[in-house]
Amino acid sequence: MKKSPQEQELERMLKSSKFSSCGFLGTDRRNLWEVIEEDAAEIAKAGLTMEELAGRMNEITAAGAEGLGDWVQFSPRLRVIVDDNRGIIPCPWPHQVRCLKRITTVHAVDTGAQIRWSDLNIHLIKEHGFFEGRGSPFRIEPRMLVDTIFAHHQTKPEH
Ligand SMILES: [Zn+2]
C-alpha cells in the first residue's frame, strides 16, 4: 500500500526518539498501517466496533478504580485491579491528548487469561484503532481482548 505524506510523517514521528522509549511499535516488522488494518479486521470479524471495545474497557477500568488498588469483582468471571501510577502520558498522535498512566489488569477466572491496559491503550484503540505493535510492552492482542472481556456477553440466547 502506498503511504501518503501524512502517513509517512506519522510513522517517522512514531519511530522518533521521543516515542521509541515507549516502544509503541515494539519489534513489529509491519508498518503502522499494516498493524492497524490487520487488527481492525480482527475486531470487525468479532462483530464489534472500536467504540464498543473501548467503552467496555472504560467500564471495567472505572469499576476497578473503585477498588483503590484492591481487586474488584467486575462480573462472575472477571476480576479487575487498577494501579494508579499518578502520572500522565501523551498520545503519540499529533494532537494534545494526554492520558492517565493508570494500569488496569483484568483476570478471567474461567480461562485464567490476564490482560492489562493503560488509559492510553483505551484512547489509542478508540480514536486510532491502534493496539500497538507486536513486542511492545503494551501490545494488546485484539482477539484475546475480545474473548476475555466479551465472552458470555454476546453468546446466542439458549433455546
Ligand atoms: Zn490520540
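What do you reckon, is residue 141 of a type in the set (D, E, K, R), within 16 Å of the ligand (Cβ to nearest atom), within 22 Å of residue 47 (Cα to Cα) and under 15 Å from the mean Cα position of the chain (by Cα)? Write out each step before concluding.
On the way: of a type in the set (D, E, K, R): yes; within 16 Å of the ligand (Cβ to nearest atom): no; within 22 Å of residue 47 (Cα to Cα): yes; under 15 Å from the mean Cα position of the chain (by Cα): yes.
In short, no.
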Seminar exercise, completed: Among residues of segment 108-145 being crowded, with 18+ Cβ neighbours inside 10 Å and of a type in the set (Lys, Arg), the residue nearest to residue 52 (Cα to Cα) is 126
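Scan segment 72-101 residue by residue and report those that are within 16 Å of the ligand (Cβ to nearest atom) and in contact (Cβ under 8 Å) with a residue 12 or more places away in the chain. Spell out the reasoning first.
Step one: filter segment 72-101 for residues within 16 Å of the ligand (Cβ to nearest atom), giving 88-101.
Selection gives 88, 89, 91, 92, 93, 94, 97, 99, 100, 101.
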Exercise. Just to be sure, is residue 59 modelled with pLDDT of 90 or more and within 14 Å of the ligand (Cβ to nearest atom)?
Worked result: no
Seminar exercise, completed: For segment 37-54, the count of residues that are among the small types (Gly, Ala, Ser) and touching a residue at least 40 places away in the same chain (Cβ under 8 Å) equals 4
For this session: Mind telling me which of the residues 105, 148 ends up being away from the ligand (no atom under 11 Å from the Cβ), among the hydroxyl-bearing types (Ser, Thr, Tyr) and buried (at least 18 other Cβ atoms within 10 Å of the Cβ)?
Result: 148
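The values are calculated or read from the model by the stated rules, or taken from the named source; none is laboratory data. Computed from a prediction, not measured in an experiment: that's the story for all the values here. Please note: Cβ atoms are built from the backbone with ideal geometry, for glycine as well, and neighbour counts cover all protein chains shown.
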